[in-house]
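To keep things clear, I will list the structure first and then write my remarks on it.
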Amino acid sequence: MDMASAGTAGTAILGGGALGLTLAYRLARAGERVVVMEREPVVGGLAAGFRVGEDGPWLEKFYHHLFRTDTDAIALIRELGLADKLYWGTPNTSLLIGGTPYRLDGPLPVLTFPRLPIHDRLRLAFGLAVLKALPTPDLLEGRTAADWLPRWMGRRAYETVWEPQLRGKFGAYAGEIAAPWMWGRIHCRTSSLGYLRGGFQQIYEALAAGIAAHDGAVRLGTAVESIRPEADGALRVVSSAGDERYGRVVSTLAPRLTLRLAPDLPESYRARYEWGAAFGAHCLILALDRPLLKDVYWLSITDPDYPFLAAVEHTNYIPASEYGGRHLLYLGNYLPMDHPTMTATPDALLARYSPHLRRLNPAFSREWVRECWGFAAPFAQPIVTLDYKRHIPPHETPIPNLYVANMFQVYPQDRGQNYSIQLANTLAARLGA
Ligand SMILES: Cc1cc2nc3c(=O)[nH]c(=O)nc-3n(C[C@H](O)[C@H](O)[C@H](O)COP(=O)(O)OP(=O)(O)OC[C@H]3O[C@@H](n4cnc5c(N)ncnc54)[C@H](O)[C@@H]3O)c2cc1C
């Protein structure tokens with residue numbers, strides 16, 4: 001790969017999430033001088049955690065688990081010596097329909113699902129089997145989920161199971177979501193879920209330590225402000241930490257952010273890649289003195305009028321005893337980035353959500369809540385509409401030595417730590433690591 005002239009050594013990697021850190025680690029181990037610039041005060045990006053209690057375990061700001069198919073993430077966990085902390089279980093994941101949770105995570109629950117007549121259950125099971133069996137989503141290209149799912153699984157199954165979930169996650173875009181994305185959700189996922197006991201943050205702390213051990217740097221609290229090409233092929237990176245020249249820059253930021261930082265990217269590039277919408281994510285996390293959802297880990301809410309789309313009781317999967325007896329409950333949403341929930345205080349949200357928590361468990365009272373945290377992140381969920389694939393940028397950009405690698409390039413699977421790690425592995429190999 002081309003690198004700028006001597007005297008401007010090294011690679012700047014913008015963003016210290018799963019992708020940026022894995023890439024930096026691989027390049028640093030191959031002898032490259034790397035500097036990671038991360039705006040936040042901790043590494044880990046969307047998968048970052050915070051400490052529960054003083055010196056307690058890390059807990060993700062947004063609920064996280066792995067699937068058995070997340071082979072790149074599992075391999076990295078092994079490589080970092082963390083395999084003994086990787087726990088696999090099959091917790092209860094359910095759908096709330098008409099006030100009742102239904103488990104739909106296998107053929108038997110689908111075939112006995114009482115909300116649909118037997119004929120519709122069979123069609124639902126058949127459609128799911130087709131998505132599981134199709135080795136690639138090629139046959140689904142050009143079709144929306146809203147078109148494909150009712151055709152193959154029946155309208156009633158679509159309206160009962162899929163449409164409310166698509167609406168919950170994608171709002172007004174629900175009808176435009178690409179069918180291959182749905183293939184990714186069904187084909188690539190397992191009911192066996194993996195969690196790194198002590199928190200996924202340990203991966204990112206280990207990567208940061210590995211980068212430092214190979215003479216790289218991870219600069220936290222460093223917001224990148226611009227990337228400009230210089231006449232000799234070097235790139236000038238201006239950040240809150242100063243103004244520097246690098247031989248190579250890899251941006252792991254959302255494409256729209258990279259385009260904002262690099263005004264020299266040409267119009268033709270912008271026309272194609274400054275495209276599409278993304279939602280932000282918000283989670284209110286409650287530490288309760290007792291369980292709320294009984295034995296359910298993951299509850300997708302399809303009933304209307306709930307102010308959150310998922311209730312995830314982490315401690316119905318990983319024991320509360322690991323968190324000092326706290327029962328940890330996430331109440332999650334994907335929302336437009338300017339939605340008022342994104343900036344609301346945890347107390348205000350708790351007040352708004354409490355009546356709905358009583359719908360989930362009539363005994364719930366505010367006295368159960370010992371602690372409460374709120375987290376919001378922009379550009380957290382790409383909206384994978386029909387034309388999405390055509391607008392995925394390649395790693396190379398028209399500016400020599402400026403590369404992009406980000407979770408918006410993940411397709412057709414839903415983004416996840418695994419796919420960011422996979423992209424990092426692929427790009428590292430292409431860059432010679
Ligand atoms: C609600 C939710 C649930 C999820 N659940 C799961 C799950 O169960 N399992 C799973 O594997 N994945 C899950 N994910 C997805 C997973 O977190 C992401 O796919 C993965 O962490 C993306 O990593 P990344 O490095 O590509 O991007 P990011 O984590 O977004 O990293 C980009 C980094 O760039 C930084 N940045 C932005 N602008 C600047 C700037 N100007 N200067 C410097 N730095 C900047 C950001 O702070 C961020 O740290 C979930 C995500 C969300 C939001």
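Every number here is computed from the coordinates shown, using simple stated rules; none is lab data. The shown structure was predicted, so the numbers you read here are calculated from the model rather than taken from an experiment. So basically every Cβ, Gly included, is an ideal-geometry build from the backbone, and we count neighbours across all protein chains shown.
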| Taking only C-alpha pairs under 8 Å that are 6+ residues apart, what is the relative contact order of the chain in percent? | 25 percent
| query | List the lysines whose alpha-carbon lies under 25 Å from that of Lys132, not counting same-chain residues fewer than 8 positions away? | reply | Lys169, Lys389
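For each of Lys61, Lys132, count neighbouring Cβ atoms within 10 Å of the residue's Cβ, then give the residues from fewest to most. Mind dumping the intermediate values first?
Values: Lys61 24, Lys132 13.
Taking fewest neighbouring Cβ atoms as first place, the list is Lys132, Lys61.
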| Cα-based reach from Lys294 at 17 Å (exclusive), listing aspartates and glutamates while leaving out same-chain residues under 8 positions away | Glu313
| Among Met182, Met342, Met337, which comes first, then next, by fewest other beta-carbon atoms within 10 Å? | Met337, Met342, Met182
| query | So if R0 is 60 Å, what FRET efficiency would Ala271 and Arg103 give, r being the distance between their Cβ atoms, rounded to the nearest 0.05? | reply | 0.85
| Residue by residue, what Karplus-based ³J(HN,Hα) values in Hz, rounded to whole numbers, does the stretch 163-179 have, using 6.51, -1.76 and 1.60 with θ = phi - 60° and x for Gly and Pro? | 4, x, 6, 5, 5, x, 7, 10, x, 5, 8, 3, x, 9, 5, 5, 4
| request: Rounded to the nearest 0.05, what FRET efficiency do Arg51 and Arg358 give with R0 = 51 Å and r taken as the Cβ-Cβ distance? Could you check? | output: 0.95
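Treat the count of other C-beta atoms within 10 Å as a stand-in for reagent exposure and order Leu80, Leu220, Leu140, Leu286 from fewest to most.
Working: Leu80 17, Leu220 14, Leu140 22, Leu286 26.
By the 10 Å Cβ count, ascending: Leu220, Leu80, Leu140, Leu286.
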| message | Sequence gap at least 6, Cα distance under 8 Å: using those rules, report the relative contact order of the stretch 151-308 to the nearest whole percent. | response | 17 percent
| query | Residue-wise, which Karplus ³J(HN,Hα) couplings in Hz belong to the stretch 407-414, taking 6.51 cos²θ - 1.76 cosθ + 1.60, θ = phi - 60°, and x for glycine or proline? | reply | 5, 6, 8, 6, 7, x, 5, 5
| said: At 0.36 nm per residue, and after removing the present C-alpha to C-alpha distance, how many nm does the segment from Ala209 to Lys132 gain when stretched out fully? | reply: 23.8 nm
